[in-house]
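The structure appears right after this line, and notes come after that.
The values are calculated or read from the model by the stated rules, or taken from the named source; none is laboratory data. These numbers come from a predicted model, not from an experiment. Using ideal geometry, Cβ is built from the backbone for each residue, glycine included, and neighbour counts are taken over all protein chains shown. Heads up: the accessible areas ignore ligands, DNA and RNA and are worked out on the full protein's heavy atoms, side chains in. Shrake-Rupley method; radii C 1.70, N 1.55, O 1.52, S 1.80 Å.
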Amino acid sequence: MEKNDSHSILMGYLAWIFGFIGAHRFYYGKPVTGTIWFFTFGLFFIGWIIDLFLIPAMDREADNTFIMGDTNYSVTWVLLFFLGVFGVHRMYMGKWLTGLLYLCTFGLFGLGLLFDYLTLNNQIDEINSRHSAWA
(Lines give C-alpha, C1' and ligand atoms only; values in the text may rest on other atoms or scores of the structure.)
Protein backbone atom coordinates (compact mmCIF):
# COMPACT_ATOMS: atom_id res chain seq x y z
CA MET A 1 0.00 0.00 0.00
CA GLU A 2 1.32 3.43 -0.98
CA LYS A 3 2.01 5.86 1.85
CA ASN A 4 -0.16 8.96 1.75
CA ASP A 5 2.20 11.95 1.72
CA SER A 6 -0.25 14.79 1.13
CA HIS A 7 1.80 17.42 2.97
CA SER A 8 5.52 18.15 2.81
CA ILE A 9 7.56 18.39 5.99
CA LEU A 10 9.96 20.75 4.15
CA MET A 11 7.03 23.03 3.28
CA GLY A 12 5.95 22.85 6.94
CA TYR A 13 9.35 24.07 8.11
CA LEU A 14 9.39 26.82 5.46
CA ALA A 15 5.93 27.93 6.60
CA TRP A 16 7.17 27.76 10.21
CA ILE A 17 9.51 30.66 9.42
CA PHE A 18 6.30 32.70 9.17
CA GLY A 19 4.70 30.57 11.87
CA PHE A 20 4.41 33.42 14.32
CA ILE A 21 1.43 34.40 12.14
CA GLY A 22 0.18 30.80 12.01
CA ALA A 23 1.27 29.90 8.47
CA HIS A 24 2.44 26.36 9.28
CA ARG A 25 -0.68 25.64 11.35
CA PHE A 26 -2.97 26.72 8.49
CA TYR A 27 -0.90 24.59 6.10
CA TYR A 28 -1.31 21.50 8.27
CA GLY A 29 -5.08 21.96 8.56
CA LYS A 30 -5.28 23.55 12.00
CA PRO A 31 -7.25 26.75 11.29
CA VAL A 32 -8.34 27.39 14.90
CA THR A 33 -4.82 27.35 16.35
CA GLY A 34 -3.54 29.08 13.20
CA THR A 35 -5.93 31.95 13.95
CA ILE A 36 -4.82 32.02 17.59
CA TRP A 37 -1.16 32.10 16.48
CA PHE A 38 -2.01 34.92 14.04
CA PHE A 39 -3.52 37.15 16.72
CA THR A 40 -0.98 36.33 19.48
CA PHE A 41 2.21 36.20 17.37
CA GLY A 42 2.58 32.46 17.86
CA LEU A 43 1.37 32.57 21.46
CA PHE A 44 3.88 35.31 22.19
CA PHE A 45 6.60 33.46 20.23
CA ILE A 46 6.73 30.64 22.81
CA GLY A 47 4.24 28.43 20.94
CA TRP A 48 6.04 29.23 17.70
CA ILE A 49 9.35 27.93 19.07
CA ILE A 50 7.70 24.81 20.54
CA ASP A 51 6.10 24.14 17.12
CA LEU A 52 9.57 23.73 15.65
CA PHE A 53 9.61 20.35 17.40
CA LEU A 54 5.94 19.54 16.74
CA ILE A 55 6.04 19.89 12.95
CA PRO A 56 6.87 16.19 12.29
CA ALA A 57 3.76 15.15 14.27
CA MET A 58 1.62 17.78 12.50
CA ASP A 59 2.90 16.46 9.17
CA ARG A 60 1.99 12.85 10.04
CA GLU A 61 -1.47 13.92 11.23
CA ALA A 62 -2.12 15.88 8.01
CA ASP A 63 -0.90 12.93 5.92
CA ASN A 64 -3.37 10.68 7.77
CA THR A 65 -6.24 13.18 7.45
CA PHE A 66 -6.06 14.53 3.90
CA ILE A 67 -6.14 12.57 0.63
CA MET A 68 -3.23 12.89 -1.77
CA GLY A 69 -4.21 13.47 -5.39
CA ASP A 70 -3.71 15.52 -8.52
CA THR A 71 -4.18 18.81 -6.68
CA ASN A 72 -1.01 19.28 -4.64
CA TYR A 73 -1.46 20.79 -1.18
CA SER A 74 1.96 22.46 -1.08
CA VAL A 75 1.61 24.08 -4.51
CA THR A 76 -1.87 25.34 -3.68
CA TRP A 77 -0.73 26.81 -0.34
CA VAL A 78 2.27 28.55 -1.94
CA LEU A 79 -0.06 30.05 -4.55
CA LEU A 80 -2.44 31.19 -1.79
CA PHE A 81 0.38 32.67 0.33
CA PHE A 82 1.92 34.67 -2.51
CA LEU A 83 -0.77 35.15 -5.17
CA GLY A 84 -4.02 34.65 -3.26
CA VAL A 85 -5.39 38.12 -3.94
CA PHE A 86 -5.22 37.31 -7.67
CA GLY A 87 -7.08 33.99 -7.28
CA VAL A 88 -4.27 31.92 -8.81
CA HIS A 89 -4.68 29.17 -6.20
CA ARG A 90 -8.36 28.83 -7.11
CA MET A 91 -7.54 28.62 -10.81
CA TYR A 92 -4.98 25.90 -10.02
CA MET A 93 -7.73 23.93 -8.23
CA GLY A 94 -9.94 24.25 -11.33
CA LYS A 95 -12.23 26.86 -9.77
CA TRP A 96 -11.85 29.28 -12.66
CA LEU A 97 -14.98 31.34 -12.02
CA THR A 98 -14.11 32.18 -8.40
CA GLY A 99 -10.47 32.59 -9.43
CA LEU A 100 -11.46 35.29 -11.89
CA LEU A 101 -13.75 36.83 -9.27
CA TYR A 102 -10.82 36.96 -6.81
CA LEU A 103 -8.67 38.51 -9.56
CA CYS A 104 -11.18 41.33 -10.09
CA THR A 105 -11.92 41.92 -6.38
CA PHE A 106 -8.53 41.33 -4.73
CA GLY A 107 -9.65 38.08 -3.15
CA LEU A 108 -13.21 39.26 -2.55
CA PHE A 109 -11.82 42.21 -0.62
CA GLY A 110 -9.85 39.88 1.66
CA LEU A 111 -12.87 37.94 2.91
CA GLY A 112 -12.38 35.21 0.31
CA LEU A 113 -8.74 34.90 1.33
CA LEU A 114 -9.76 34.52 4.96
CA PHE A 115 -12.23 31.79 3.95
CA ASP A 116 -9.50 30.00 1.98
CA TYR A 117 -6.98 30.16 4.83
CA LEU A 118 -9.56 28.48 7.05
CA THR A 119 -10.80 25.85 4.58
CA LEU A 120 -8.17 25.27 1.88
CA ASN A 121 -7.08 21.79 3.02
CA ASN A 122 -10.71 20.63 3.06
CA GLN A 123 -11.30 22.13 -0.40
CA ILE A 124 -8.29 20.28 -1.83
CA ASP A 125 -9.29 17.08 -0.01
CA GLU A 126 -12.74 17.26 -1.60
CA ILE A 127 -11.27 17.79 -5.08
CA ASN A 128 -8.82 14.91 -4.64
CA SER A 129 -11.58 12.66 -3.27
CA ARG A 130 -13.76 13.37 -6.31
CA HIS A 131 -10.90 12.68 -8.70
CA SER A 132 -9.94 9.42 -6.95
CA ALA A 133 -13.60 8.29 -7.13
CA TRP A 134 -13.54 8.80 -10.91
CA ALA A 135 -10.35 6.79 -11.35
### Message
Show the residue pairs meeting these rules: Cβ distance below 9 Å; 6+ apart or different chains; first residue within the stretch 119-135 and in contact (Cβ under 8 Å) with a residue 40 or more places away in the chain and closer than 12 Å to S6 by Cα; second residue loosely packed, with under 14 Cβ neighbours inside 10 Å and not basic (K, R).
### Response
N128/D70
### Query
If you go through the stretch 98-113 one residue at a time, do you hit one that is under 17 Å from Y27 (Cα atoms) and open to solvent by 60 Å² or more (accessible area, probe 1.4 Å)?
no
### Query
Any residue at all in the stretch 60-68 that is open to solvent by 20 Å² or more (accessible area, probe 1.4 Å), aliphatic (A, V, I, L, M) and closer than 19 Å to I124 by Cβ?
yes
#### Entry: Test: residue in the stretch 70-82 that is open to solvent by 70 Å² or more (accessible area, probe 1.4 Å), touching a His at 6+ places or on another chain (Cβ under 6 Å) and not small (G, A, S)
yes
### Residue within the stretch 43-53 that is touching a residue at least 60 places away in the same chain (Cβ under 8 Å), surrounded by fewer than 19 Cβ atoms within 10 Å (Cβ to Cβ), out of contact with any strand residue (DSSP E or B) (no Cβ under 7 Å at 6 or more places or on another chain) and on the phi < 0 side of the Ramachandran plot present
no
### Query
Can you find a residue in the stretch 119-129 that is among the charged types (D, E, K, R), surrounded by fewer than 17 Cβ atoms within 10 Å (Cβ to Cβ), part of a loop (DSSP other than H, G, I, E, B) and at pLDDT 95 or above?
no
### Query
Inside the stretch 7-23, can you point out the residues that are modelled with pLDDT under 95, crowded, with 17+ Cβ neighbours inside 10 Å and outside any helix (DSSP H, G or I)?
G22
